[in-house]
Amino acid sequence: MKPISAALCLVVAGAVAALGGPARAQQTVKIGSVLSVSGPASFLGDPEDKTLRMYVDKINAAGGVAGNKIELVIYDDGGDANKARTFATRLIEDDKVVAMIGGSTTGTTMAMLPVFEGAEVPFISLGGAIEIIDPVSKYVFKTPHTDKMACEKIFEDLKQRALTKIALIAGTDGFGSSMRVQCTLAAPKYGIQIVTEETYGPRDSDMTAQLTKIKNTAGVQAVVNTGFGQGPAIVTRNYAQLGMGAVPLYQSHGVASKSFIELAGPAADGVRLPAAALLVADKLPDNDPQKKIVVDYKATYEATAKQPVSTFGGHAYDGLYILVDAIKRANSTDPKKIRDEIEKTKGFVGTGGIVNMSPTDHLGLDLSAFRMLEIKGGDWILMAPKS
Amino acid sequence: MSEFVQFLMSGLTVGAVYALVALGFTLVYTASDVVNFAQGEFVMLGGMVTVFMAALGVPLPVAALIAVAAAVCVGLLLYWLAIAPSRGASPVTLIIITIGASILLRGAAQVLFDKQFHKLPSFSGDVPVNLLGAAVQPQSFWVIGGTALIVLLLYLFMERTVLGKALRATAANRLAARLVGINTTTVMTLAFGGSAAIGAIGGILVTPITLTSYDVGTLLALKGFAAAMLGGMGNPLGAVMGGILLGLLESFGAGYLSSTYKDGIAFVVILVVLVAMPQGLFGRRSVERV
């Protein structure tokens with residue numbers, strides 16, 4: 001029996017190879033993605049997922065990349081780092097992807113990082129924190145601005161306005177606490193003094209106690225809130241409730257979405273934050289190098305997804321096009337060659353800013369990628385730098 | 001002084017919501033010995049259904065009524081489909097069933113509604129009221145007043161109506177209650193429906209302040225359960241006092257000590273109380289009379 005079944009296997013294998021061979025000739029390039037489409041980070045993963053699908057279809061309709069159609073494999077980790085790691089292994093071992101975009105959060109990214117670094121497959125993360133690219137891992141890149149940059153941008157603005165004594169209020173979630181640390185580290189460089197510090201839980205429903213303490217601290221010239229989700233919306237509302245409007249409130253780029261304005265309501269008026277150009281696409285001056293790209297992306301996303309654009313989907317857009325450009329330049333689907341080309345990305349204009357990567361900088365954005373915005377009458381306006 | 005009043009009002013508002021959740025726990029627990037961990041989901045349903053009904057153009061009061069009715073239906077279905085068929089199972093089994101139900105409800109809400117945060121307009125505007133130097137949202141008065149009204153109505157129901165007395169009798173001794181002709185099934189149905197209604201009302205009252213999303217129930221169930229334990233499981237007065245105490249502990253802890261450790265402070269106090277008085281502040285001593 002054994003020899004017969006073995007022979008049968010051979011025949012089947014041969015048939016598969018014979019059939020599979022020609023199919024291979026019509027090449028596809030497999031790109032993997034693990035996103036938090038559901039779960040607590042779904043507000044990140046959902047627009048990222050939509051953006052990737054939308055633009056991969058577009059690229060394929062236009063003939064693909066370097067003659068190859070893109071095949072996109074997306075897994076939903078539900079915001080769970082353990083699941084993300086399992087999917088990462090599956091992408092490498094079963095799907096044999098040539099590159100990966102994703103990891104919606106810093107947590108899922110850090111869990112998947114060793115898998116891709118070990119398999120030597122390029123990995124463009126959509127997670128926020130600076131730990132992803134500092135220290136630099138050879139195969140790991142990211143597109144979103146870091147929390148450190150947000151702190152620096154805010155402090156730059158504060159310094160210009162001669163507001164040097166600030167109160168820091170931070171969410172205790174991963175994003176909020178990481179940014180709190182970065183802000184504390186960056187403050188002395190800008191001559192900013194943090195007079196008092198408060199925290200709140202990501203699920204807290206009332207922050208008046210913390211804000212009352214800040215209100216009663218003498219000499220506070222501005223308040224900086226690091227956090228995302230619904231926490232900052234409640235902080236903003238409590239801030240207005242306590243009548244603290246005379247002291248400017250700075251928020252992080254984590255609240256850069258229309259839903260923040262909706263949730264915070266009229267209380268959001270006067271809130272200042274650093275954000276990508278995408279949010280104010282229509283208001284950019286025509287000579288802005290990012291104008292065309294952000295207006296196009298906004299229009300495409302809103303027409304297809306039927307929901308307001310968010311910067312998070314924009315990060316996925318940037319990741320996809322950085323990768324596609326690299327594949328084109330490499331003219332190969334060898335992950336190692338693609339990695340080398342991603343690292344050589346120069347002058348790439350994306351929704352997040354102008355990307356110039358280098359062997360020591362796997363993000364490639366500088367502070368000009370952020371614009372200081374202020375919320376006025378339920379909309380974003382560009383803040384004119386104070387001269 | 002103004003600082004103190006600010007912390008006090010903040011604590012009372014948050015505490016009132018914990019109290020309503022704790023009250024829901026207590027109602028079901030007294031009638032059926034089940035700790036219903038889906039209690040937080042009723043709060044979520046109250047807020048979410050109102051938000052989505054209001055978005056469809058339904059006037060707010062009607063939307064709120066629909067939300068309460070929807071939550072009561074879910075509460076009754078939970079009893080009829082999950083709890084009643086497994087009657088006689090150990091309390092641990094029943095608790096696990098309710099945890100399963102809460103996961104199911106959360107998942108269903110995620111699919112049926114969405115994953116975003118939502119808010120409701122405040123019932124009487126957003127202009128803060130100045131109370132002894134503290135700025136208080138008008139909605140806080142709705143939350144505190146609404147809770148007080150529910151507690152009062154529940155008290156009158158338990159003390160003055162036959163059905164309420166039947167509920168207390170069932171709580172005291174189920175077998176004896178059945179022997180004197182009380183339909184304990186009706187009583188339990190009532191407890192599940194009632195606790196769902198209380199949770200939903202809490203959810204509607206608090207959504208203008210705290211916002212809502214499909215997963216707000218988890219934390220509220222945890223805090224409400226802690227409040228019920230603090231006050232003494234099975235005692236309605238204890239549940240209310242426990243909830244308000246927990247809210248005040250958090251608010252004063254954040255205000256006067258450290259906002260980072262405010263949850264820690266609250267839970268340390270609860271632990272100390274429970275070590276000293278295992279029945280909770282107002283709990284009955286569980287003495288078996290022979």
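The values are calculated or read from the model by the stated rules, or taken from the named source; none is laboratory data. Quick caveat, the model's predicted, so the values are computed rather than measured. Cβ placement follows ideal geometry from the backbone for every residue including glycine, while neighbour counts extend to all protein chains displayed.
Below, the figures for the structure above:
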quantity	calculated
Of residues in the stretch A:244-267 being more than 23 Å from the chain's Cα centre (by Cα) and either closer than 12 Å to B:Asp126 by Cβ or not assigned by TED's automatic domain parsing to the domain that holds A:Glu152 (or both), the one surrounded by the fewest Cβ atoms within 10 Å (Cβ to Cβ)	A:Pro266
Residue ranges of helices (runs of 4 or more DSSP H) in the stretch A:166-256 with at least 2 members within 13 Å of another protein chain (Cβ to nearest Cβ) and farther than 30 Å from A:Asp134 by Cα	A:208-215, A:231-241
Single residue of the stretch B:1-50 satisfying the filter (of a type in the set (D, E, K, R) and more than 10 Å from chain A (Cβ to nearest Cβ)) that is nearest to A:Ser205 (Cα to Cα)	B:Glu41
Test: residue in the stretch A:35-53 that is in contact with a His (Cβ under 8 Å, 6 or more places away or on another chain) and either within 14 Å of another protein chain (Cβ to nearest Cβ) or under 17 Å from A:Thr143 (Cβ atoms) (or both)	yes
Candidate set: the stretch A:267-291, residues that are in contact (Cβ under 8 Å) with a residue 40 or more places away in the chain and in a helix (DSSP H, G or I); chosen: the one farthest from A:His315 (Cα to Cα)	A:Ala268
Any chance A:Lys96 is in contact with a helix residue (DSSP H, G or I) (Cβ under 9 Å, 6 or more places away or on another chain), more than 21 Å from A:Gly350 (Cβ to Cβ) and surrounded by fewer than 24 Cβ atoms within 10 Å (Cβ to Cβ)	no
Criterion (at pLDDT 90 or above and in contact with a His (Cβ under 8 Å, 6 or more places away or on another chain)) met by exactly one of B:Gly100, B:Gly75, B:Gly40, B:Gly47	B:Gly47
Selection count, the stretch B:239-254, where residues are surrounded by fewer than 24 Cβ atoms within 10 Å (Cβ to Cβ), within 11 Å of another protein chain (Cβ to nearest Cβ) and in contact with a Gly (Cβ under 6 Å, 6 or more places away or on another chain)	1
Qualifying position, being of a type outside the set (A, V, I, L, M) and under 30 Å from A:Val223 (Cα atoms), among A:Gly314, A:Gly319	A:Gly314
Matching residues in the stretch A:118-131 - criterion: being surrounded by 15 or more Cβ atoms within 10 Å (Cβ to Cβ), modelled with pLDDT of 90 or more and not hydroxyl-bearing (Ser, Thr, Tyr)	A:Ala119, A:Val121, A:Pro122, A:Phe123, A:Ile124, A:Leu126
One residue from B:Leu190, B:Leu257, B:Leu211, B:Leu222 being of a type outside the set (Asp, Glu), over 23 Å from A:Ser177 (Cα atoms) and within 14 Å of another protein chain (Cβ to nearest Cβ)	B:Leu222
Criterion violated by A:Val309 - all others in (1) part of a helix (DSSP H, G or I); (2) under 19 Å from A:Phe43 (Cα atoms); (3) in contact (Cβ under 8 Å) with a residue 12 or more places away in the chain satisfied	(1)
Tally of residues being closer than 21 Å to A:Val98 by Cβ and in a helix (DSSP H, G or I) across the stretch A:112-137	9
All positions within the stretch A:148-160 that are among the basic types (Lys, Arg) and either at pLDDT 90 or above or within 15 Å of A:Val271 (Cβ to Cβ) (or both)	A:Lys153, A:Lys159
Output for the stretch B:87-111, where each listed residue is assigned to a helix (DSSP H, G or I), surrounded by fewer than 13 Cβ atoms within 10 Å (Cβ to Cβ) and more than 14 Å from chain A (Cβ to nearest Cβ)	B:Pro91, B:Val92, B:Thr93
Qualifying residue in the stretch A:268-288 (condition: at the interface with chain B (Cβ under 10 Å from one of its Cβ atoms) and either at pLDDT below 90 or touching a Gly at 6+ places or on another chain (Cβ under 8 Å) (or both))	no
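Results for (1) of a type in the set (Lys, Arg); (2) touching a residue at least 12 places away in the same chain (Cβ under 8 Å), shown as yes or no for each residue.
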position: A:Lys159; (1), (2): yes, yes
position: A:Ala162; (1), (2): no, no
position: A:Ser178; (1), (2): no, yes
position: A:Val181; (1), (2): no, no
position: A:Gln193; (1), (2): no, yes
position: A:Gly231; (1), (2): no, yes
position: A:Ala256; (1), (2): no, yes
